[in-house]
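Student: Would you mind keeping the following structure in view while I ask a few things?
Coordinate-derived values only; no laboratory data. All figures in this text were calculated on a predicted structure; none of them were measured in a lab. Cβ placement follows ideal geometry from the backbone for every residue including glycine, while neighbour counts extend to all protein chains displayed.
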């Protein structure tokens, strides 16, 4: 089968791999239909972060995928041939309490594996085999949106994190009951800044606007860029990062209850930390490992 990925010493290549086969009763063979490309893929390619399966020199890329089931093992109960599925990305270590409780995103050992990122082939291959538990069935009417499920899962985790951290803090909301809104619009008195308008940043902005949060999106795109039009279509405000420094953000936008970083641009992102309001939440999603960036922060502005 055809695959695209990184080869040790050669960079990005296309390669033929053996078609995988079902070997256990709980396994499913699926064929890739669509693959999303995000900043993580670009970073892996740019810095040649090839981390192939043990004993191999090639790793197929792609961790955002939509597929169709081609065959199922005898023990598979929830899926059948022809079903649309979104494969999950991470496979737990099988050792720590987090992974044992279906929370591999909090793996304590670091011995997890990830499709297209860390010791597992990704979805830029024609076929793959996975255990049934790692496949999420997609309703046919969501076919056109399903490839966004993986970045949306990160955006949803951002929202859950904000909610969890803020449970012990009172928000500065109007006391007048006539101004209050329903639980689906919990953000009506809050202001957020999303740094980055890639897939994750845009989806975070969608969820914030759905919750009635006043939302600013910070990007380095011209006004004519389609991303800017999408941002404004959400009812969010666009801010060109080329025209404002991190230090100027609080004066330009006012108090920020929520900041979400979704770019991987560590210098600017770290300098935004003092911009978050008292009792606010700053969520990092994209700052990469390494890079050698050094940022000096005034601790009096961070802890206040």
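Student: Provide Rg over Rh for the range 107-240; use the alpha carbon set for both Rg and the Kirkwood Rh (inverse mean inverse pair distance).
Tutor: Across the range 107-240, the Cα-based Rg/Rh ratio is 1.04.
Student: Now a separate question. With n ≥ 4 as the cut-off for DSSP H runs, can you work out [θ] at 222 nm for the chain, using -39500 (n - 2.57) per run divided by the number of residues, rounded to the nearest 500?
Tutor: -6000 deg cm²/dmol
Student: Within the range 118-157, whose backbone N sits under 15 Å from a point 7 Å along Cα→Cβ of residue 102?
Tutor: So the set is 132-137.
Student: For helix 149-166, report the angle its Cα long axis makes with the longest principal axis of the Cα atoms of the chain; keep it between 0 and 90° and round to the nearest 10°.
Tutor: That helix lies at roughly 40 degrees to the long axis.
Student: May I ask for the equivalent-ellipsoid semi-axes of the chain, computed as the square root of five times each C-alpha gyration tensor eigenvalue and listed largest first in whole Å?
Tutor: With the √(5λ) rule applied to the chain, the semi-axes are 37, 23, 19 Å.
Student: I'd like to compare 226-236, 119-129: which one has the highest average count of other Cβ atoms within 10 Å, and what's the full order after that?
Tutor: The most tightly packed comes first, giving 119-129, 226-236.
Student: From the gyration tensor of the Cα coordinates in the range 202-262, what semi-axes in whole Å does the equivalent ellipsoid have, largest first, with each one equal to sqrt(5λ)?
Tutor: With the √(5λ) rule applied to the range 202-262, the semi-axes are 17, 16, 9 Å.
Student: Can you give the relative contact order of the chain as a percent, counting alpha carbon pairs under 8 Å and 6+ residues apart?
Tutor: Reported relative contact order: 14 percent.
Student: I'd like the distance separating the alpha-carbon centroids of the range 208-249 and the range 7-33, in whole Å.
Tutor: 39
Student: With viscosity set to 1.002 mPa s and temperature to 20 °C, compute the Stokes-Einstein D of the range 2-144, Rh being the Kirkwood radius across alpha carbon pairs; µm²/s, no decimals.
Tutor: Estimated via Stokes-Einstein, D reaches 137 µm²/s.
Student: Another one. At 10 °C and a viscosity of 1.306 mPa s, what translational diffusion coefficient does Stokes-Einstein give for the range 151-302, taking Rh as the Kirkwood radius over Cα pairs? Give it in µm²/s as a whole number.
Tutor: Roughly 100 µm²/s, to the nearest whole number.
Student: What do you get for the angle between helix 199-210 and the principal long axis of the chain? Use alpha-carbon atoms, 0 to 90 degrees, nearest ten.
Tutor: It works out to around 50 degrees.
Student: Rounded to the nearest 5, what is the percent of antiparallel bridges among the DSSP beta bridges in the chain?
Tutor: Numbers: 31 of 51 bridges.
The antiparallel proportion sits near 60 percent.
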